[in-house]
Every structure is written in C-alpha cells, then in structure tokens.
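What follows is one structure encoded as structure tokens, with my remarks underneath.
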Amino acid sequence: METPRLTAERIREYLAQGKRFDGRKPEDFREISIEGNVSNKAEGSARVRLGKTEVIVGIKMGVAEPYPDSPNKGNLMVTAELLPLSSPRFESGPPRFPAVELGRLVDRAIRESKFIDFEKLCIKEGEKVWSVFIDIYSINDDGNLVDAAGIAAVAALKWTKMPKYDEKEGKVIYDEPTDKKIPLAKDIPICITAHKIDGTIIVDPTLEEEDVSEAKITIGATPDGVISSMQKGSPAELSIEEVHEILDLTEKIRKKVFLKIEKFLE
Amino acid sequence: MTKQKGFERPDGRKVDEMRKMEAKVGIVPNADGSAMFSFGDTIAIAAVYGPRKMHPQHQQDPEKGTLRCTYSMLSFSVSDRIKPGPSRRSMEISKITEWALEPILMIKRYPNMVIDVHINILQANASTRCAGINAAALALAHAGIPMREMVSSVSIGKLDKQLVVDVNKDEEDWEEGEGATDIPITMTPNGMITHLQLDGKITSKELKEAIELARKAAKEIYEVQKKALKESLKE
C-alpha cells in the first residue's frame, strides 16, 4: 500500500508553490503533545503525538555486567517495534530495517549527545552497572516516527524514577521506586529529520509526504545547536548547498520545537 | 454469592466487585477499527485491519474468511522487562483470542479474506487476555465487521476457598490455603461461552458457581462496551 501516483504528483505541485495539503509551510511541525505515565510498570514512560502520529516509549532499568570496553559506565539499549496495530503496512515478525533504523537513530541521538551520564550509573566498576532500556512502540504511523520517538525517549528518561537495588541480594526491587533520577545533562538532544521532495526541503512529513520523499537526513542536536549525530537515509543524493540549507533550516526549527516541548518536560 | 468469614481481598474490593473499567473506541486513526479496554491498572489496546485479501495466497480459504489475532505485551508492561518478540505464552493467547471471537463473527461472508486483530498490553496487572479480548471485540464492532453478538471476557478467581471476580496480580499470586485458581471466561450476553481456561484446583460445584459469577460480570462489561460504542457514534 503506497501513496497513489496522482497524490504524489499533487504533493510535488503544491510544494513547488511552498504549500502542503494540511496548510503547513515546508518548515512547520504539526501540533505536538506529550503525556507521561503511559505504563506504571515502566520506570518512566511517555506518549508523544505529532499530528496523527503517535508513539509511546517506556524505560526499564536493570543491573548487569558492564561491557569490557567501558567497565565504569552504565549500558544503554534502544529498541523499536513498528507495531502491526499502528499501520496496515506493518507486519508481525522479526524487526525489519525501518524498525532497526528507528531504534538506532534514537540510540545515537541519546548516546552521542552524552545526555545520560553513564559513569554515574556504575555501581561497582567492572562488575555491576545499571542498564537503561529504551523501548519505542508506534501506535499510529502518520509519518516522522523518528522525531516523535526522539522526543518521547527524552521525556520518558526525564520522568524515570530509578528502582531500588538490593546490593546484598543482587536484586532490583521494581515495586519500590526511589526518588532517584537518571543523571541527565541539562541540554536535551532533539532529532529533526529533513526531507527533500523535488528540490524543496520539508520537515515533519506526513506518511504521504514520506512516500514521496527522495532523500532524508536525521540530525540529533541540542537546542543551542551542538550537533552530535547525523545520518542520511534513502538512496538519492544531496548537494552541498542542500546540506547547508538543511543545517540552517533545522537549526531554526529545532529551537521552535524545543519551545513547543519545553512546557511538557518540566 | 457469600463471602467466607475473615476473607478480605488484597485491595479491599467486595468479592463480586470488578475493578474500575474504562473503554474507548477509535484510538488508532490508521486502523479500520480500534479500541482500548482497561480493568483498573490492566490496559489493553486493539486494532483491526481488514477484511483484506489473505497473503500468502495458499493460506486463503475459499469457504470462509480467516480471523488472525496477535496478542503481545509491551516490554515495559510488567516489572521485569519482556524481550520483544513472540513467546509460547503470547502465541497461545493469540489463538485462544481467535477462538473466543470467531464464533460471533459472520466470517463466512469473507471468503479468501483475512481480518487481522492486533492486541497490545500497555500495562499489566493480571487479566490481560480478558482485557485484550474485550478491546478486540470492541475494535471489531468499530470496524463494522458483521457480528451476531458481542462477547465480554472476565477472569474469575478462587483464592483459597473464596470465589472472586476480576483477579488482579496480588490475587493471582495468592498462596494461602488452597492457593489461587484462575478461570478466564468469555461469553456472549446470552451466556454462550466462547472461551474458558482454568489453572489451579477446583471442584465442579465451585466451577459452576464461578461460571455463574462470570455471567453476571460479563453483563456489566457488556454495558461498558455498549456505552463506548455509542459514544463513538456521537462524535
């Protein structure tokens, strides 16, 4: 099931005049709303709606051995599942590339921005550290799951209350959440994905626009403009000028998005 | 139903009292039908896609349509994170859910087609399969799939010697006396049973009582489901 060619044609015609079907300008995001406490069994959770797109993210924590190359640092694992519930296009079964890509893009935005202070998640060097699991689920896919998931991951991390750890028994007691928060940096990473359609750069595409997109690039950066992760997706090429345009555009958009989500995150 | 002397439910409910139920229809805009159903802290969501052509083709049934249910718990719906992907438990519950729902569907009208029902548990405090079936039945109705009747699902428990309605996690783990017996039952408003499971230890006399309790509880659930469907039409 794909967007019909006629619709695709019309999307391009509109964009040539700087217009979109839902009345937005190319650089406009849809309405964003964020809710917490989606699941009280998670240590932290958030639901993000971006227009009709909806994702939920839950944080689980556990105690595990550190990786040999980082004996004094906590572990991070980000997985994403494109639930068949969320779109007629998704099927059950092992994760396919779009789900893997979604998890990895959010993983790198969080990890590379040093948003989580992993050294503070060390319990005993070389033996025991906290593991943070970020699990992303799509609930309704109307395009731009990545940016929505990035926001939801940050919100869920901010709201996480660490469970109690019984050091003698070596067990995590999930029923007794502490007031302790995951040590986080002040500046949050935000993912913005820009798409190129027929020479026009747009952000926050709907599903139809995503279908028409020729090239995309996801940028993870803090609101003050420090970029820490980037990935170009899809096979089409981008000129240097286009990359410049995307960098300038997303910097402005990131600030606007931050203002939109800031009030939810307090 | 009588309450045995000295028996108290962990959360203080009466023996025939259900947890607060909530139901909402139309929660996934992409789906042909969708719904949320909750028993207290147990929250299930379900979405229906179809009827659509069955793929792969060799699974098509020229005699009747196929109902395909998938039940899955989100990794963070329980205390100990669940690894994503199907498990033996979730595969069994998926099948049980199909059997609970198929009898009420006029599925003969859809030869070579499939109706997909996806159920996800957001938050679990026991009775997840029942919440899932209730959400799925709502989602099917919302999708406009012709149905003879509704079904409503509830879990009856026997804690030591006491029967209770709508079991929660503390009750599921009951250890005193005869321990816990868990009996999830699904039935139509007319009392036709489409699903029945049992784990534990019970006499046939007690089981008959349990079924009677389920019949009453199913009526309450049916009212909640009906209300949610009516509300979706108002919008």
Quiz item: To the nearest 20 debye, what is the magnitude of the charge dipole of the stretch A:113-200 about its Cα centre, counting +1 on the Cβ of each Lys and Arg and -1 on the Cβ of each Asp and Glu?
Solution: 320 debye
Self-check item: the stretch B:137-213-the stretch A:201-266 distance, computed between alpha-carbon centres (Å)
Solution: 50 Å
Practice problem: Sort all Cα-Cα distances of the protein assembly as shown into consecutive 20 angstrom bins from zero, then give the percent of pairs in each bin up to the one containing the longest distance. | Solution: 22, 50, 26, 3, 0
Quiz item: Based on the Cβ-Cβ distance of B:MET192 and A:PHE97, what FRET efficiency does E = 1/(1 + (r/R0)^6) give at R0 = 56 Å, to the nearest 0.05?
Solution: 0.80
Practice problem: Nearest 5 is fine: what % of DSSP beta bridges in the stretch B:21-234 come out antiparallel, could you say? | Solution: 85 percent
Practice problem: Would you mind calculating the gained length between A:ILE173 and A:GLU31 on full extension (0.36 nm times residue separation, minus the Cα-Cα distance), in nm to one decimal? | Solution: 47.3 nm
Exercise. Have a look at A:TRP130, A:TYR67, A:TYR174 and report the one farthest towards the positive end of the charge dipole of chain A, computed about the Cα centre with Cβ charges (Lys/Arg +1, Asp/Glu -1).
Key: A:TYR174
Self-check item: chain A, accessible surface, carbon-and-sulfur percent (1.4 angstrom probe)
Solution: 50 percent
Quiz item: Which order do peptides B:46-54, B:90-98 fall in by mean Cβ count within 10 Å, highest first?
Solution: B:46-54, B:90-98
Quiz item: Does any residue of the stretch B:119-155 lose at least 30 Å² of accessible area with all protein chains in place compared with its chain alone, and if so which ones (probe 1.4 Å)?
Solution: B:ASN120, B:LEU122, B:GLN123
Quiz item: Ratio of the stretch B:139-179's C-alpha Rg to 2.2 N^0.38 Å, to two decimals?
Solution: 1.80
Exercise. Compute the FRET efficiency between B:LYS108 and A:LYS255 as 1/(1 + (r/R0)^6), taking r as their Cβ-Cβ distance and R0 = 60 Å, and round to the nearest 0.05.
Key: 0.55
Practice problem: Report, largest value first, the span of the C-alpha coordinates of the stretch B:151-235 along each principal axis, in whole Å. | Solution: 50, 26, 16
Quiz prompt | Residues along the stretch B:79-93 losing 50 Å² or more of accessible surface when the other protein chains are present rather than the chain by itself (probe 1.4 Å) | solution = B:SER79, B:ARG81
Quiz prompt | Mean accessible surface per residue for chain B, computed with a 1.4 Å probe while every protein chain stays in place, in Å² | solution = 47 Å²
Quiz item: Taking the Cα centre of the stretch A:8-265 as the origin, how large is its charge dipole in debye, to the nearest 20, when only Lys and Arg (+1) and Asp and Glu (-1) carry charge on their Cβ atoms?
Solution: 700 debye
Quiz prompt | A:GLU266-B:LYS64 pseudo-label distance in nm [points 7 Å out on the Cα-to-Cβ vector] | solution = 5.8 nm
Exercise. Treating the angle as unsigned and between 0 and 90°, give the value, to the nearest 10°, between the Cα long axis of helix B:88-101 and the longest Cα principal axis of chain B.
Key: 70 degrees
Exercise. Treat every Asp and Glu Cβ in chain B as -1 and every Lys and Arg Cβ as +1, leave all other atoms uncharged, and give the resulting dipole magnitude about the Cα centre to the nearest 20 debye.
Key: 680 debye
Exercise. Return the average number of partner chain Cβ atoms within 10 angstrom of each residue Cβ along peptide B:27-34.
Key: 6
Quiz item: Can you give the accessible area buried between chains A and B, summed over both chains, with a 1.4 Å probe, in Å² to the nearest 100?
Solution: 2300 Å²
Exercise. Using the heavy atoms of the protein chains and a 1.4 angstrom probe, tell me the accessible area per residue for chain A in square angstrom.
Key: 48 Å²
Quiz item: Summing -39500 (n - 2.57) over the DSSP H runs of n ≥ 4 in chain B and dividing by its residue number, what mean residue ellipticity at 222 nm do you reach, to the nearest 500 deg cm²/dmol?
Solution: -9000 deg cm²/dmol
Practice problem: Report the one residue of B:GLY65, B:PRO84, B:LEU213 whose Cα lies farthest in the direction of the positive end of the charge dipole of the stretch B:21-234 (charges on C-beta: Lys and Arg +1, Asp and Glu -1; origin at the Cα centre). | Solution: B:GLY65
Self-check item: Sequence-separation-based contact order of the stretch B:94-235, relative, with Cα cut under 8 Å and 6+ spacing, percent
Solution: 22 percent
Practice problem: Counting helices only, and only those DSSP H runs with n ≥ 4, report the 222 nm mean residue ellipticity of chain A as the sum of -39,500 (n - 2.57) divided by its residues, in deg cm²/dmol to the nearest 500. | Solution: -9000 deg cm²/dmol
Quiz prompt | Cα Rg, Dmax, chain B, angstrom units | solution = 17.8, 60
Quiz prompt | the stretch B:21-234, accessible surface, carbon-and-sulfur percent (1.4 angstrom probe) | solution = 51 percent
Quiz prompt | Helix B:128-142 axis, angle to chain B major axis (alpha carbon atoms, nearest 10°) | solution = 40 degrees
Quiz item: Can you give the average number of partner chain beta-carbon atoms within 10 Å of each beta-carbon in peptide A:85-93, as a whole number?
Solution: 6
Exercise. Please give the average number of partner chain Cβ atoms lying within 10 Å of the Cβ of each residue in A:38-47, rounded to a whole number.
Key: 6
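The values are calculated or read from the model by the stated rules, or taken from the named source; none is laboratory data. On a predicted model such as this, the values are computed, not experimentally measured, just so you know. Reconstructed Cβ throughout: ideal geometry from the backbone, glycine too, with neighbour counts over all protein chains shown. Keep in mind that these areas ignore ligands, DNA and RNA; they rest on the heavy atoms of the full protein, side chains included. Shrake-Rupley method; radii C 1.70, N 1.55, O 1.52, S 1.80 Å.
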